[in-house]
Amino acid sequence: MDADEKDICIYLKSWAGEFVSAREISRRAGGKYRYRQNPDWAAPVLARLVDKKIIESDSTGHYRLVHRDGKKDTGKKWVSPHVKKILEKSGKGYEKIIEMETPEDFFEE
């Protein structure tokens, strides 16, 4: 995956499953200077991403990331073993753990 594809995927990730127009993706994902130089720069990149089945399009030419069910469960991880040890010594329960998605999981096919 090249830099343009990553930029588009990161931008679409911020829309959380909503379809976004190709023009808006060109304008926002690459920056205003790139859009001014070539307003249609994202069209071939979007076509590649659709072929790779990373994104999907609707009949009106809007795009969104493919919703992936069945992600592998990596389990919960502590930020550091030292933090885990300190928190366990405190005797309090810490069941509410924030799970963060890693970039490697995001771009897996």
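So here's what we get for this one:
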| item | result |
| --- | --- |
| Whole-Hz couplings from phi, Karplus 6.51/-1.76/1.60, listed for region 32-40; x for Gly and Pro | 6, 5, 5, 5, 5, 6, 8, x, 9 |
| Potential extension, Lys85-Ala47 segment - 0.36 nm per residue separation minus Cα distance | 8.8 nm |
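Each reported figure results from applying straightforward, stated rules to the coordinates on display, with no laboratory input. What you see is a predicted model, and the numbers here were worked out from it, not measured in a lab.
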